[in-house]
Amino acid sequence: MNRRLFGVALCPLLFALCCSAEAQQAKRVSRIGIFHVGLDHVPPSLEPLRQELKKVGYEEGKSLRLDWRNLPDEETARVTAQEFVRNRVDLIVAYENQTVRAAMAATSEIPIVSLL
């Protein structure tokens, strides 16, 4: 994914986090559930996502908790999406169609960002 496309895809994510952060108490740890189907690789945009979040002030372990899952199939994605909802993450990042479908089926309350 080129930098411009990644930046465009990242805008909704950062907007959702900022809106969530404004409504929360100070020093609250934001939680993002991130998942991907495909055990053969990690999405190339995962590391740039972490870097961009850090640039805007979210530091893993301090103000941010990323729950990253690399999954074998769509059924596992459905279970994981339901777990993200039970754990009340602030945002779900879905990396392809299987995870997008799973997230949309699991919640209409938590913002979902799709990075296809």
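Taking K and R as +1 and D and E as -1, what net charge do the other residues with C-beta under 13 Å from the C-beta of Tyr58 add up to? Walk me through the intermediate numbers first.
Values: positive: Lys27, Arg28, Arg31, Arg50, Lys54, Lys55, Lys62, Arg65; negative: Glu52, Glu59, Glu60, Asp90.
Every neighbour counted, the sum reads +4.
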Debye-sum result for the range 33-85 in log10 I(q)/I(0), which assumes one identical scatterer on each alpha carbon, at q = 0.19, 0.22, 0.31, 0.32 Å⁻¹
-0.72, -0.87, -1.14, -1.17
From the C-alpha gyration tensor of the range 19-116, pull out the three semi-axes of the equivalent ellipsoid (sqrt of 5λ each), sorted largest to smallest, in whole Å.
22, 16, 10
For the range 74-116, with all protein chains present and a 1.4 Å probe, just round the carbon and sulfur fraction of the accessible area to a whole percent.
47 percent
Listed highest first by mean packing, meaning other Cβ atoms within 10 Å per residue, what order do 74-85, 35-46, 95-106 come in?
95-106, 74-85, 35-46
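The values are calculated or read from the model by the stated rules, or taken from the named source; none is laboratory data. Keep in mind the model is a prediction, meaning the values are calculated, not measured. Every residue, glycine as well, gets a Cβ built from its backbone with ideal geometry; the counts of neighbours run over all protein chains shown. These accessible areas exclude ligands, DNA and RNA; they are computed on the full protein's heavy atoms, side chains included. Shrake-Rupley method; radii C 1.70, N 1.55, O 1.52, S 1.80 Å.
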